[in-house]
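Novice: Sharing a structure here in structure tokens format.
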């Protein structure tokens, strides 16, 4: 196996690895699990930044990426009864004194990449109990696509793309097709398709720009497949456009215009009839009806207009609600049937750059973090973040209470969301 940089694997605990701490900080009376990074940094030094996370398809674990070019895999307690709970605060409403308990553990598997991580994705039929399917793929700067074994942390194989100068070129986005037989990789003005069972440098190349520069230009930065066998593939580009293609022959069907920034995330609804797109420094998630692509259906507000971070959102298993973070530390929940805001809660004290629902349990995970430049008065002093900064948090919620809140919503927040898109 040919590798540019041999990745290093570690499964041992370390004081610098993220630890999972159980907290009883209340969210409408529900239990909260906090996973935080106790990372000190000295004068003029930047602390480790948690960039994003991705829940596994079977819900048993999740991956995180950070700007130390490292992926960490966590397998949290399976049920609430598996984890000890800290005593809650009383009376004064200040629960910080009981925020953490001693019980914690480090990442189960740690994998170091050679450069900054562009994107990563799970095999769609992944099962933690099946050693064959328990894999995920990553793409990093100036490196080929890596396929990792999530059980052992070993590198299984690589998929290499070369440019006209016969040099390795890195993908900016990757995704498995619904059948789990191919890896779709996004590059500048093109898509490459790799056969999952044939690692190496063999691939199919499809240009997104046709004759006379017609087509989708720019870096293909996000992609998503329709969950139903409609054969539709959505590609987002940094030129602020989203295009819908046929999966089998990459035929361009139509364009979607309206995002204010480069596309950073695209996701189909559970029934495959709607597409949700988000952009960099764009305060709105746009909803599109892919059956009639004349205009978007509505806009969902999130606070992201002043950050360059990629902020990921997710749709719950029922397909009724969407959750998204923002730079204000809040997670907003929207009703996708009406486009109306349902509720929100404070997930962190810094930018919430990712939010995802469990595939079948009433759990959700949020990740947060942004860069800080701190110069202490004493040059020898070290600065530590609190547990609610640069952290990964697991939340439990009650579907019935969410529905009740939805019914009682008076629409006061929806002046920021728009029921119809404006020209």
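Values quoted throughout were computed directly from the atomic coordinates according to the rules given, and no laboratory measurement underlies them. These numbers were taken from a predicted model, which means no experiment stands behind them. Positions of Cβ are backbone-derived with ideal geometry, glycine not excepted, and every protein chain shown enters the neighbour counts.
Novice: What's the whole-number percent of alpha carbon pairs in segment 99-255 lying beyond 26 angstrom?
Specialist: So the pairs more than 26 Å apart make up 30 percent of the total in segment 99-255.
Novice: Here is a further query. Say R0 is 45 Å: what FRET efficiency, to the nearest 0.05, do residue 273 and residue 371 get from their beta-carbon distance? Present the calculation step by step, with values, prior to reporting the outcome.
Specialist: Working: r = 39 Å, r/R0 = 0.86.
Once the sixth-power term is evaluated, E becomes 0.70.
Novice: For residue 167 and residue 125 in one chain, what is 0.36 nm times their gap in residues minus the Cα-Cα distance, to one decimal in nm?
Specialist: My answer for the length gained is 11.9 nm.
Novice: May I ask you to derive the FRET efficiency for residue 151 and residue 181 from their Cβ-Cβ distance with R0 = 35 Å, giving the value to the nearest 0.05?
Specialist: 0.95
Novice: First measure r as the distance between the Cβ atoms of residue 115 and residue 308, then evaluate 1/(1 + (r/R0)^6) with R0 = 30 Å and state the FRET efficiency to the nearest 0.05.
Specialist: The value I calculate is 0.95.
Novice: Still on this structure, I have one more. Give the separation of the Cα centroids, segment 218-284 to segment 103-177, in Å.
Specialist: For segment 218-284 versus segment 103-177, the Cα centre distance is 22 Å.
Novice: Please work out whether segment 274-339 counts as rounded, prolate or oblate from its C-alpha gyration tensor, where a ≥ b ≥ c are the square roots of the eigenvalues and a/c under 1.5 means rounded, while otherwise a/b larger than b/c means prolate and anything else oblate?
Specialist: Numbers: a/c = 2.28, a/b = 1.39, b/c = 1.64.
Taking the square roots of the gyration eigenvalues as a ≥ b ≥ c, segment 274-339 is oblate.
Novice: Modelled label-to-label distance, residue 338 and residue 246, 7 Å Cα→beta-carbon offset: nm?
Specialist: For residue 338 paired with residue 246, the spin-label model returns 4.0 nm.
Novice: Label points 7 Å out from Cα along the Cβ direction at residue 361 and residue 75: separation in nm?
Specialist: 1.3
Novice: Same structure again: Show me the three semi-axes of the equivalent ellipsoid for segment 214-362, from the C-alpha gyration tensor (sqrt of 5 times each eigenvalue), largest first, rounded to whole Å. If you can, show how the numbers build up before the last one.
Specialist: Working: eigenvalues 119, 65, 32 Å².
Each semi-axis is √(5λ); the values are 24, 18, 13 Å.
Novice: Working out 0.36 nm times the residue gap between residue 212 and residue 292, then minus their Cα-Cα distance, what length gain in nm do you get to one decimal? Walk me through the numbers before you get to the answer.
Specialist: Working: separation 80, 0.36 × 80 = 28.80 nm, distance 2.70 nm.
Contour length minus the Cα-Cα distance gives 26.1 nm.
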